[in-house]
Amino acid sequence: MKPLLIALALILAAPLPAHAHPSQPRDLRELAQRHGIKIGSAVDVAALRAEADYRKVLNREFNHVTAENAMKWESVEPQRGVYTWADADAVVENARRNRQQVRGHTLLWHNQLPAWLTSGVADGSIGAAELRSILRDHITTQVGRYKGKIRAWDVVNEVVEEDGTLRRSIWLTHLGPGYIADAFRWAHRADPRAKLFINDYNLEWNQPKIETTLSIVKDLQAEGVPIHGVGFQGHLGIQYDYPGDWANVMRRFADLGLEIAITELDVRMVLPVTPDKLATQADYYRRALTDCVSVRACEEMTLWGYTDRHSWVPGWFEGEGSACVMDENLAPKPAYHALLTVPRQRR
Ligand code: XIL
């Protein structure tokens with residue numbers, strides 16, 4: 001054997017020095033790095049401004065963020081033609097200072113639309129042609145404002161019903177199904193480098209929704225419409241089975257060439273909290289990350305808030321809560337520790 005090869009053989013045979021053993025990551029940033037993915041959180045802008053501890057933990061733990069509400073249409077244009085960017089800007093600026101990439105959420109949805117828009121459509125003062133140009137202007141303006149600063153946009157959010165039909169929103173009703181392709185084309189024109197996503201809930205397991213979303217993607221691709229990813233919101237609850245087929249569902253979208261993201265992960269429970277429920281919750285979080293890292297195309301896992309101090313769950317699901325990985329005092333729960341144990345996968 002050549003001396004070089006002998007040396008190499010010796011090096012490979014020798015036990016690793018202690019510090020080189022794959023040890024557990026210390027926090028979520030290290031975890032993200034270990035897996036080569038982004039780990040994000042939704043950001044509550046009021047808390048970001050007012051709570052130093054919230055800000056500190058957010059910026060320590062996460063390398064990706066999504067504005068929880070600040071980029072929604074009602075937030076950025078509460079009155080027609082009057083734009084209020086301060087909150088959205090604050091999220092983007094804080095992210096830049098803390099080396100976090102940003103998911104833009106969301107350009108087109110049926111909820112949290114400004115009242116001037118919904119009432120104008122309802123009373124007929126905004127007709128179909130005008131609605132279409134309002135939507136185009138909205139997408140062009142918002143995407144343009146953050147050009148180069150948003151890694152990925154949730155272009156359309158929740159456009160499929162549970163039964164697999166297209167959601168009967170003002171968009172479908174007044175513009176027809178072509179609004180989806182239009183939204184992606186307009187967004188792409190405004191920032192050609194941003195990754196453009198279709199995002200939905202229950203897409204982890206709901207078969208009709210999965211099939212329809214897959215066919216929307218295929219149709220868009222066949223027409224040459226720029227679509228780059230699919231977002232699984234991932235609003236789970238331990239009173240339901242874990243969506244055990246999730247990784248396979250991810251793979252079906254990945255096979256179409258899409259990037260995969262878990263965009264709004266949380267795992268709620270019926271209160272009161274018990275140690276058993278926290279252990280089950282920890283397992284759901286662990287499985288979600290495991291599913292993501294088992295699919296090469298899954299590049300981001302974002303939590304819909306990281307602390308129970310600021311979670312949408314108690315306000316939206318009666319009698320439920322404790323859905324996040326840290327408690328009200330920002331103390332890590334079993335779910336946090338469970339995430340850190342997920343082994344690296346060869347992808
Ligand atoms: C929620 C926010 O968390 C709440 O603060 C707000 O009152 C309502 O919207 N799917 C989505 C998110 O895409 O935008 C929603 O966020 C949660 C469900």
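Can you list residue pairs whose Cβ atoms sit under 9 Å apart, with the first residue in segment 285-313 being open to solvent by 10 Å² or more (accessible area, probe 1.4 Å) and among the β-branched types (Val, Ile, Thr) and the second being assigned to a helix (DSSP H, G or I) and away from the ligand (no atom under 16 Å from the Cβ)? Count only pairs 6 or more apart in sequence or on different chains.
As it stands, the answer is THR290/ALA247, since those pairs meet every condition given.
Considering each residue of segment 72-82, count those that are part of a loop (DSSP other than H, G, I, E, B), out of contact with any helix residue (DSSP H, G or I) (no Cβ under 6 Å at 6 or more places or on another chain) and more than 16 Å from the ligand (Cβ to nearest atom), and give that number. Spell out the reasoning first.
Taking segment 72-82 and keeping what is part of a loop (DSSP other than H, G, I, E, B), we get 72, 77-78, 80-81.
Checking which are out of contact with any helix residue (DSSP H, G or I) (no Cβ under 6 Å at 6 or more places or on another chain) leaves us with 72, 77-78, 81.
Now drop any that are not more than 16 Å from the ligand (Cβ to nearest atom), which leaves 77, 81.
Result for segment 72-82: 2.
Can you tell me which residues in segment 192-204 are within 13 Å of the ligand (Cβ to nearest atom) and open to solvent by 10 Å² or more (accessible area, probe 1.4 Å)?
TYR201, ASN202 - these are the residues of segment 192-204 that are within 13 Å of the ligand (Cβ to nearest atom) and open to solvent by 10 Å² or more (accessible area, probe 1.4 Å).
Listed here are the residues, each with its yes/no results for (1) outside any helix (DSSP H, G or I); (2) open to solvent by less than 50 Å² (accessible area, probe 1.4 Å).
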| residue | (1), (2) |
| --- | --- |
| ALA70 | yes, yes |
| ASP87 | no, no |
| ARG99 | yes, no |
| ARG103 | yes, yes |
| LEU107 | yes, yes |
| LEU113 | yes, yes |
| SER119 | no, no |
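For residues that are surrounded by fewer than 19 Cβ atoms within 10 Å (Cβ to Cβ) and of a type outside the set (S, T, N, Q), scanning just segment 171-181, find the one that is nearest to ILE139 (Cα to Cα).
ALA181
Could you identify the single residue in GLU223, GLU204 that is of a type in the set (D, E, K, R) and more than 17 Å from the chain's Cα centre (by Cα)? Reasoning before the result, please.
Working: GLU204 fails: more than 17 Å from the chain's Cα centre (by Cα).
Within the list GLU223, GLU204, the selection yields GLU223.
Residue check: is GLY231 within 16 Å of the ligand (Cβ to nearest atom), within 21 Å of ALA181 (Cα to Cα), at pLDDT 95 or above and not β-branched (Val, Ile, Thr)?
On the way: within 16 Å of the ligand (Cβ to nearest atom): yes; within 21 Å of ALA181 (Cα to Cα): yes; at pLDDT 95 or above: yes; not β-branched (Val, Ile, Thr): yes.
Yes; evaluated as a whole, the condition is true for this residue.
If we scan segment 205-227, do we find a residue that is within 16 Å of the ligand (Cβ to nearest atom), surrounded by 19 or more Cβ atoms within 10 Å (Cβ to Cβ) and in contact (Cβ under 8 Å) with a residue 60 or more places away in the chain?
No, every residue in segment 205-227 fails to be within 16 Å of the ligand (Cβ to nearest atom), surrounded by 19 or more Cβ atoms within 10 Å (Cβ to Cβ) and in contact (Cβ under 8 Å) with a residue 60 or more places away in the chain.
Could you list, in sequence order, all residues of segment 228-270 that are over 16 Å from the mean Cα position of the chain (by Cα) and open to solvent by 50 Å² or more (accessible area, probe 1.4 Å)?
Selection gives GLN239, TYR240, ASP241, GLY244, ASP245, ASN248, ARG251, ARG252, ASP255, GLY257, VAL270.
Tell me, which helices (runs of 4 or more DSSP H) wholly within segment 265-347 include 2 or more residues that are within 16 Å of the ligand (Cβ to nearest atom)? Give the steps one after another, and end with the answer.
Values: elements: 275-293, 313-316, 334-340.
In segment 265-347, 313-316 are the helices (runs of 4 or more DSSP H) which contain 2 or more residues that are within 16 Å of the ligand (Cβ to nearest atom).
The values are calculated or read from the model by the stated rules, or taken from the named source; none is laboratory data. Just so you know, these numbers come straight off a predicted model, no measurement behind them. Note: ideal-geometry Cβ built from the backbone for every residue, glycine included; neighbour counts use all protein chains shown. Quick note on the areas: whole protein, heavy atoms, side chains included, nothing else; ligands and nucleic acids left out. Shrake-Rupley method; radii C 1.70, N 1.55, O 1.52, S 1.80 Å.
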